[in-house]
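A short worksheet on the structure shown next.
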Amino acid sequence: MDIYDDKYPNLASLLGGYFHQDFDIHGDTLEEIVGLYRKEGTQAEIDGLRKDIQKFLAAFDDAHIKSAFVRIFHPDIDSEGWGLSVREWLLKINELLA
């Protein structure tokens, strides 16, 4: 068990619920998928997700963020598949949630 398992619950929920191996059922673009999350989520969930993203980005520098992201979340997707680093990908999601 990673010490961060419960530290980012909203981010873990987004990744598990919307960015799993069959993520394309939610949309073809990051904008579509995050838009669906915004539509289905409560404002408290959206606010919590934005806080989780900001907290995660602050916790890890660029040299360690990718390995931390994989270790903590075990994601089915790779941000580089979207043409973005983990930091850029999370910043884009945070921007789309605003």
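The values are calculated or read from the model by the stated rules, or taken from the named source; none is laboratory data. Quick caveat, the model's predicted, so the values are computed rather than measured. Positions of Cβ are generated from backbone atoms using ideal geometry, with glycine treated the same way; all protein chains shown enter the neighbour counts.
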**Study point:** Filter result (of a type in the set (Phe, Trp, Tyr) and either modelled with pLDDT under 95 or more than 21 Å from Glu45 (Cβ to Cβ) (or both)) within segment 70-98
**Key:** Phe73, Trp82
**Study point:** Conditions (1) more than 18 Å from Ser85 (Cα to Cα); (2) at pLDDT 95 or above; (3) surrounded by 14 or more Cβ atoms within 10 Å (Cβ to Cβ): number failed by Leu57
**Key:** (1)
Point to revise | Every residue from segment 69-98 that is touching a residue at least 40 places away in the same chain (Cβ under 8 Å) and not in a helix (DSSP H, G or I) | key: Pro75, Asp76, Ile77, Ala98
